[in-house]
Amino acid sequence: MESTAWLTDYDAAILPIRLCAFAPWRLGVKFFASDTMNKERKLIIAGNWKMNKTVAEALDLVRGLKLELANIKEVDVVVCPTFTALGALSKEILDSSLRLGAQNMSEHNFGAFTGEIAAGMLKEFSVRYVILGHSERRQYQKETDELISKKGLAAHAASLKPIVCVGETLAEREGGKTEQVLETQIKGSLAGFSKDQMPETVVAYEPVWAIGTGKTATTAQAQETHAFIRGLLTKMFDETVARKVRIQYGGSVKPSNARELMSQPDVDGALVGGASLEVRSFSDIIKNSI
Ligand code: PGA
């Protein structure tokens, strides 16, 4: 009779050993995975390709990403190619969860603005996001907070989600001016945005000294600054709104630092430059973030 009991003496004796063998492993997976999977906001990781890639090269990259990222549902993945590649890529991403972003747009809807692109023209290529006020445009094209806010409002009017970039220079950080600079940029660049528009707005915190330099903000610096930005958004809008805004970190994000950065409670994704130009490194950043 004893042998048909649901738990034999032998089973009972080795049960603790079995539990020891399985439980930590199971719990371990849960603990490690929970850092970024239980985030309050869905992660958004965007590749800013800057002035790189011909149409053929852009297609190659996106085809590779489609294969690598076919099963990724936990992250909104956006690629931001040059304007000239948007047409080809808009067709290539149709059967995927990849989204398209542009790197800039005009604050005007049409007219005599040579060399500019309007929001409505981006929409023709299924563009969903647009990077605004990147530090390179602030530096080389002398874009101001006022202009960035006008572009942001034009983007929202066309149902494009702006990714509004802010960040301090090294001299500003070393001079203890980081918060002051960010406050001016955030208030100016988001001037006129409504509470309803904010959940559809992404803020990218990109310390200028970390862009393309290989230097990354420490996770503590990133979290502290993101929390400061969310606090500002609370003051400008309200807490409910601020909790819905996704704040990306940008500046030398790579596969090796993505997980730690993304595990911070106020870091809701990344804006990736150099490492977004290769299938391997960009897809590893995304996989390491979940
Ligand atoms: P990086 O660029 O990742 O090459 O530092 C980031 C950016 O400029 O958006």
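Read-outs throughout are calculated quantities, based only on the coordinates presented, and are distinct from any laboratory measurement. A quick note: this is a predicted structure, and the numbers were derived from the prediction, not measured. Note that each Cβ is placed from the backbone with ideal geometry, even for glycine, and that neighbours are counted across all protein chains shown.
What to note about this one:
- Residue (of 274, 221, 234) at the positive-pole extreme of region 173-289, dipole from beta-carbon charges: 274
- Residue 84-residue 159 FRET efficiency (beta carbon distance; Förster radius 35 Å; 0.05 resolution): 0.90
- Spatially proximal lysines relative to residue 91 (Cα-Cα < 21 Å; intrachain offsets below 8 disregarded): 50, 53, 66, 73, 123, 161
- Put a dot 7 Å past the Cα of residue 194, heading toward its Cβ, do the same for residue 52, and the two dots end up 3.9 nm apart.
- With a simple spin-label model that places each label point 7 Å from the Cα along the Cα-to-Cβ direction, the separation between residue 60 and residue 73 comes to 3.3 nm.
- Most mobile of 216, 54, 201 in a GNM of the chain (Cα contacts under 10 Å): 54
- For residue 76, distant residues with modelled amide H under 5 Å away: 43, 44, 45
- Placing R0 at 35 angstrom, the Cβ-Cβ distance between residue 239 and residue 218 gives a FRET efficiency of 0.85 after rounding to 0.05.
- Helix axis angle, 9-37 relative to the chain longest principal axis, alpha carbon, degrees: 0
- Annotation: amide H of residue 161 within the under-5 Å range of 129, 130, sequence separation 5 or more or interchain, hydrogens built in the peptide plane.
- Based on DSSP H segments of at least four residues, each scored -39500 (n - 2.57), the chain has a per-residue ellipticity at 222 nm of -14500 deg cm²/dmol.
- About the Cα centre, charge dipole magnitude for the chain (Lys/Arg +1, Asp/Glu -1 at Cβ), debye: 360
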